[in-house]
Amino acid sequence: MGATLLTKEAVLNGLAVERLAIMSSLSEERLRRSLPALSWSHPYPPYLPANIPSVYMSAAKAPSGVICRGCTTRRGITADVRAHLALPDIVCLQHRVWQSPAPCDVSAAPEIDRAQHTLRRIRRLHGNRGMSLGVRDARWIIAAWTSNVCREPELTDRWHSRRAVLGLVPWHRSDDLSARIVTHPEVAILAAALAPNYTDQTYFTRTGFQLRRFSAYLRASLELNPIPHSMNDPIRAFVRIVQSNRARWRDPKSVMITETATPRYTQ
């Protein structure tokens with residue numbers, strides 16, 4: 001039963017959430033904190049009736065991961081427990097374990113812990129939507145730096161050292177799990193720098209915007225040399241895309257964080 005449900009995602013209307021709160025003897029606010037997915041969809045999806053408690057099962061947007069075995073064993077559970085995890089919760093901070101798709105010890109890289117605190121702060125300040133958009137575009141920039149075309153020597157050395165410390169295999173694509181783990185701290189840093197700008201539609205087109213200053217700000221946040229090593233600077237490419245397609249910049253429908261349950265639609 002559980003294995004079958006993990007391939008599905010439940011979408012509830014507002015009345016169903018209220019009924020679930022009554023059945024669980026929890027307040028609706030606490031229930032939403034415990035089950036973040038309840039806040040992913042709109043309160044009344046168009047395909048659900050609004051006058052009766054209703055639920056719709058759809059294909060899950062991300063694979064499930066194994067919950068930290070240290071946490072489950074402490075509760076007397078010996079079998080693996082699988083669940084969908086939002087990105088700020090993908091690392092068990094108590095046992096320092098990356099939980100998706102399978103547990104991976106990241107205790108040797110404390111910067112990953114700091115990245116998790118950064119993502120939680122972004123979610124608290126800018127909501128799931130701001131965090132998801134920030135991570136999406138930070139990963140787009142980072143993916144270019146992991147390629148041979150736009151490689152940054154400082155980042156390459158940092159990532160190789162972190163990968164060796166964590167004992168991870170070399171990655172072949174930017175969306176491989178080892179690449180996601182190793183580049184996670186830099187993704188969180190960039191997401192924190194980008195997230196505040198999603199509330200301003202005109203940020204990159206307003207009078208006085210300077211691409212060089214913005215690029216230097218992002219590079220400084222990553223402790224990089226102000227001058228890009230490659231002529232194909234992904235930050236410049238990113239800003240050009242945003243300036244020509246502002247709808248995508250603010251559109252949460254284009255968000256997909258594949259190895260987590262971070263939603264395609266967010267509040």
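The values are calculated or read from the model by the stated rules, or taken from the named source; none is laboratory data. Note that the structure is a prediction, hence the values are computed from the model and not measured. Methodologically, a virtual Cβ is constructed for each residue, glycine included, from the backbone with ideal geometry; neighbour enumeration extends over all protein chains shown.
Report yes if ARG158 is charged (D, E, K, R), at pLDDT 85 or above and touching a helix residue (DSSP H, G or I) at 6+ places or on another chain (Cβ under 6 Å), otherwise no.
Numbers: charged (D, E, K, R): yes; at pLDDT 85 or above: yes; touching a helix residue (DSSP H, G or I) at 6+ places or on another chain (Cβ under 6 Å): no.
So ARG158 fails the test.
Hey, among SER100, SER107, which residue is within 10 Å of GLY65 (Cβ to Cβ), polar (S, T, N, Q) and assigned to a loop (DSSP other than H, G, I, E, B)?
Values: SER107 fails: within 10 Å of GLY65 (Cβ to Cβ).
After ruling out the rest, the residue left standing is SER100.
Hey, any hits in segment 251-258 for a residue that's closer than 21 Å to MET131 by Cα, outside any helix (DSSP H, G or I) and modelled with pLDDT of 70 or more?
Applying the first criterion (closer than 21 Å to MET131 by Cα) to segment 251-258 yields 251-258.
From the residues that got through so far, the ones that are outside any helix (DSSP H, G or I) too are 251, 255-258.
In the following step, the residues that additionally are modelled with pLDDT of 70 or more were identified as none.
Taking every residue of segment 251-258 in turn, none turns out to be closer than 21 Å to MET131 by Cα, outside any helix (DSSP H, G or I) and modelled with pLDDT of 70 or more.
Being modelled with pLDDT of 75 or more and either part of a loop (DSSP other than H, G, I, E, B) or aromatic (Phe, Trp, Tyr) (or both) is true for just one of PHE238, PHE209. Which residue is that?
Working: PHE209 fails: modelled with pLDDT of 75 or more.
Selected residue: PHE238, the only one of PHE238, PHE209 that is modelled with pLDDT of 75 or more and either part of a loop (DSSP other than H, G, I, E, B) or aromatic (Phe, Trp, Tyr) (or both).
Has segment 132-140 got any residue that is in contact with a Lys or Arg (Cβ under 8 Å, 6 or more places away or on another chain) and under 29 Å from PRO226 (Cβ atoms)? It would help to see each step written out before you state the result.
Within segment 132-140, the subset in contact with a Lys or Arg (Cβ under 8 Å, 6 or more places away or on another chain) is 133.
Right, trim to under 29 Å from PRO226 (Cβ atoms) and you get 133.
Yes, some residue in segment 132-140 is in contact with a Lys or Arg (Cβ under 8 Å, 6 or more places away or on another chain) and under 29 Å from PRO226 (Cβ atoms).
Of everything in segment 24-54 that's in contact with a Leu (Cβ under 7 Å, 6 or more places away or on another chain) and either at pLDDT 75 or above or acidic (Asp, Glu) (or both), which residue is nearest to ALA10 (Cα to Cα)?
Out of the qualifying residues, it is SER54.
From the list TRP171, TRP159, exactly one residue is in the same structural domain as PRO226 (by TED's automatic domain parsing), of a type in the set (Phe, Trp, Tyr) and in a helix (DSSP H, G or I). Which is it? Step through it out loud before you land on a result.
Details: TRP171 fails: in a helix (DSSP H, G or I).
Selected residue: TRP159, the only one of TRP171, TRP159 that is in the same structural domain as PRO226 (by TED's automatic domain parsing), of a type in the set (Phe, Trp, Tyr) and in a helix (DSSP H, G or I).
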